[in-house]
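Remarks on the structure that follows.
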Amino acid sequence: MPVTLDRSRTAVLIMDFQNDIVQRFMQVDPALLQRAAGVLAAARAAGIPVIHVTISFRPGYPEVPETGIFAGVRSSGMLVEGTEGADIHPAVAPQPGDVVVTKKRVGAFSGSDLQAVLSAKGRTHLVLLGVATSGVVLSTVRAAADADYTMHVIAECCHDRDPEVHRVLTDKVFAQMAPSITASDFLDAVK
């Protein structure tokens, strides 16, 4: 069944496509980056806002506790504001008119002004791309579902270290909240 998008209500969120994450946490197929870049170009051409969601921390990591999920980031020196590692990967770099939102935890809404940006733009339908599927994508889908957003996940523009986890999330877990679509589905919907 074809995907239908109301361009005036849709925003594309590309999440955590940052150098440190792409280079250190995953083996990304260059085709994934090309598909993601194609989705962003099509969204821009259709007048759909592209919002880059990033994660970064101040030098010294004052917002990161000694223990917990981000302890490894702290000890590795990754994702420090203003460093090349925290920059968005050049294959999907922001273009004029794109918005960049910075978060401080896993989900796109956590510690960021994403909700305010979406509200100001009148966007209620989110199309999600992200690394990792079990991290930022899952957390964002859950939070956005609770906030009554309509969503789609472009599964082939997401990545997880564990392919089976990616498959279960995109095929089963997200189905009721954010059905999976392909990049081609999105391109057809915005033509």
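The values are calculated or read from the model by the stated rules, or taken from the named source; none is laboratory data. Please read these numbers as outputs of a predicted model, since none were measured by experiment. So basically every Cβ, Gly included, is an ideal-geometry build from the backbone, and we count neighbours across all protein chains shown. The accessibility values were calculated without ligands, DNA or RNA, using every heavy atom of the protein model including side chains. Shrake-Rupley method; radii C 1.70, N 1.55, O 1.52, S 1.80 Å.
If the segment from residue 6 to residue 165 were pulled out straight at 0.36 nm per residue, it would be longer than the present Cα-Cα gap by 54.2 nm. Taking every alpha-carbon pair in the range 23-152 and binning the separations at 5 Å intervals from zero gives 2, 9, 18, 23, 22, 15, 8, 2, 0 percent. Taking the charge dipole of the range 100-191 about its Cα centre, with +1 at Lys and Arg Cβ atoms and -1 at Asp and Glu Cβ atoms, the residue from 176, 109, 157 reaching farthest to the positive side is 109. Taking every DSSP helix (H) stretch of at least 4 residues in the chain, weighting each as -39,500 (n - 2.57) and dividing the sum by the residue count yields a mean residue ellipticity at 222 nm of -8500 deg cm²/dmol. Only one residue of 48, 33, 71 has its Cα farthest out toward the positive end of the dipole of the range 7-105, where Lys and Arg carry +1 and Asp and Glu -1 on Cβ, and that residue is 48. Ordered from longest to shortest, the equivalent ellipsoid semi-axes for the range 93-191 are 20, 17, 14 Å, each the square root of 5 times a Cα gyration tensor eigenvalue.
Rolling a 1.4 Å probe over the protein heavy atoms of the range 32-191, with every protein chain left in place, gives an accessible area that is 53 percent carbon and sulfur. If both residues of a DSSP beta bridge must be in the range 1-159, then about 5% of such bridges are antiparallel.
Heavy-atom accessible surface of the chain, averaged per residue, reaches 46 Å², computed with a 1.4 Å probe. Amide H to amide H distances under 5 Å link residue 46 with no residue, where only residues 5 or more positions off or on other chains count and H is placed in the peptide plane.
Approximating the spin labels as points 7 Å out from Cα along Cα→Cβ, the residue 45-to-residue 67 distance works out to 5.2 nm.
Whole-percent P(r), the range 3-83, all Cα pairs, 5 Å bins from 0: 3, 13, 19, 18, 15, 12, 11, 7, 3, 0.
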